């Protein structure tokens with residue numbers, strides 16, 4: 001394959017798809033290269049046991065201003081506006097009402113210290129109260145939010161997200177991943193199983209090497225994860241070394257999901273939630289029978305997700321089963337059938353969950369978002385100043401990068417035609 005395009009997009013996740021949607025309205029010729037055999041990136045709805053299961057993003061966070069919510073409405077995708085049950089603990093199992101209040105107070109006090117007296121180190125762990133019994137609980141929440149221990153999380157970055165986010169979280173019953181994949185625009189060329197291996201600058205064009213051959217474009221939009229960028233999996237021009245270093249300051253945390261099929265649905269209540277062992281930083285967060293469906297969705301971050309990443313799905317399901325048995329009793333073991341799980345950390349073209357800034361590296365987001373020479377533009381959740389770690393943040397950066405490319409290319413087109 002040797003072809004010339006106005007814009008080449010690297011990655012067909014939420015950011016790449018959003019960029020393609022914007023470019024499809026511009027009149028510029030566009031091609032999208034995706035390393036995997038499917039589109040969506042970390043948005044992936046896998047239909048098993050007759051149920052659509054989101055192995056990646058599943059909640060439309062800050063839903064009242066979420067761009068994918070608007071896309072869903074345009075496409076006729078149903079949106080469930082029910083309240084998330086995350087803060088609930090079904091029948092106070094494993095965590096009494098008094099303990100739950102104490103854990104919440106400890107978390108609130110820790111976060112208040114971040115806001116009122118942020119550590120000079122910019123390290124979120126430095127605001128923990130030494131020896132507090134609820135520190136593991138706070139660490140488990142960090143695992144869900146950041147995918148990493150607080151010792152590796154920037155205070156300034158966390159506060160930027162919290163200040164901008166809202167408490168409105170909705171769901172797409174057909175799957176968030178299904179919504180994002182279905183929105184890929186007609187008329188835009190797509191090459192699957194075609195990882196970009198090298199990006200080079202050649203005069204006024206950008207050359208992209210793939211197993212299918214080389215393509216050239218007047219501009220490229222790079223939307224791959226920070227793990228891929230930092231790893232050197234894509235050979236970049238030496239001039240882009242500062243962008244690779246910026247990606248190193250925004251590592252992907254570990255975030256994984258495990259789904260159980262419930263053989264006897266009556267064994268579990270519909271639409272409920274339980275937190276695993278509150279004194280274990282690796283505790284899971286379990287949504288019980290979402291939409292009344294016969295599944296349990298386990299969400300793990302940081303230490304909990306490390307079990308899956310380092311020991312595999314079998315060990316992950318064993319860990320989750322142990323927590324659920326401790327909460328619901330030994331009899332539920334017979335009702336739980338491991339169904340499917342993610343392993344984003346071990347997925348070569350992803351490399352983890354979503355980004356967080358290391359202490360002192362908050363400005364890396366702006367550094368990574370900078371265009372290079374009017375030819376190479378960067379998008380993806382990690383480049384958003386405050387909606388990072390979300391699919392709508394990825395969407396909005398894809399649109400931003402597409403508009404930057406359009407603004408750079410239109411003057412060239414006008415000069416070429418003498419306009």
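The values are calculated or read from the model by the stated rules, or taken from the named source; none is laboratory data. Note that the structure is a prediction, hence the values are computed from the model and not measured. For neighbour counting, all protein chains shown are included, and Cβ atoms are generated from backbone atoms with ideal geometry for every residue, glycine included.
What the table below lists for this structure:
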quantity	calculated
Qualifying residue in region 34-47 (condition: more than 30 Å from residue 197 (Cβ to Cβ) and either at pLDDT 95 or above or out of contact with any strand residue (DSSP E or B) (no Cβ under 8 Å at 6 or more places or on another chain) (or both))	no
Meets criteria (more than 27 Å from residue 21 (Cβ to Cβ), part of a helix (DSSP H, G or I) and modelled with pLDDT of 95 or more) for residue 315	yes
Selection within region 361-394 - under 12 Å from residue 246 (Cα atoms) and in a loop (DSSP other than H, G, I, E, B)	361, 362, 363, 370
Any hit, region 99-119, residues being surrounded by 19 or more Cβ atoms within 10 Å (Cβ to Cβ), assigned by TED's automatic domain parsing to the domain that holds residue 339 and in contact (Cβ under 8 Å) with a residue 60 or more places away in the chain	yes
Some residue of region 204-223 being surrounded by fewer than 20 Cβ atoms within 10 Å (Cβ to Cβ), out of contact with any helix residue (DSSP H, G or I) (no Cβ under 6 Å at 6 or more places or on another chain), in contact (Cβ under 8 Å) with a residue 24 or more places away in the chain and within 22 Å of residue 397 (Cβ to Cβ)	no
Meets criteria (outside any strand (DSSP E or B), in contact (Cβ under 8 Å) with a residue 40 or more places away in the chain, farther than 23 Å from residue 48 by Cα and not assigned by TED's automatic domain parsing to the domain that holds residue 403) for residue 304	yes
Of all residues making up region 230-252, the number that are closer than 14 Å to residue 199 by Cβ and free of Cβ contacts under 8 Å to residues at least 40 places away in the same chain	7
Hey, residue 172 crowded, with 20+ Cβ neighbours inside 10 Å, more than 30 Å from residue 336 (Cα to Cα), at pLDDT 95 or above and in contact with a helix residue (DSSP H, G or I) (Cβ under 6 Å, 6 or more places away or on another chain) or not	no
Search result, residues across region 351-371 that are surrounded by fewer than 19 Cβ atoms within 10 Å (Cβ to Cβ) and either in contact (Cβ under 8 Å) with a residue 60 or more places away in the chain or on the phi > 0 side of the Ramachandran plot (or both)	360, 367, 370
Selected residue [out of contact with any strand residue (DSSP E or B) (no Cβ under 7 Å at 6 or more places or on another chain) and over 30 Å from residue 193 (Cα atoms)] from 380, 329, 374, 393	329
Residue in region 7-24 that is without any contact (Cβ under 8 Å) to a residue 24 or more places away in the chain, assigned by TED's automatic domain parsing to the domain that holds residue 224, surrounded by fewer than 24 Cβ atoms within 10 Å (Cβ to Cβ) and over 19 Å from the mean Cα position of the chain (by Cα) present	no
Residue check for residue 270: surrounded by fewer than 20 Cβ atoms within 10 Å (Cβ to Cβ) and without any contact (Cβ under 8 Å) to a residue 60 or more places away in the chain	yes
Output for region 385-405, where each listed residue is farther than 23 Å from residue 178 by Cα and in contact with a helix residue (DSSP H, G or I) (Cβ under 7 Å, 6 or more places away or on another chain)	385, 386, 401, 403
Residue, surrounded by the most Cβ atoms within 10 Å (Cβ to Cβ), within region 48-60, restricted to residues that are in contact with a strand residue (DSSP E or B) (Cβ under 6 Å, 6 or more places away or on another chain) and not in a strand (DSSP E or B)	55
Residues being out of contact with any helix residue (DSSP H, G or I) (no Cβ under 7 Å at 6 or more places or on another chain) and modelled with pLDDT of 95 or more - total across region 155-169	8
Residue match in region 333-350 (condition: crowded, with 24+ Cβ neighbours inside 10 Å and in a helix (DSSP H, G or I))	yes
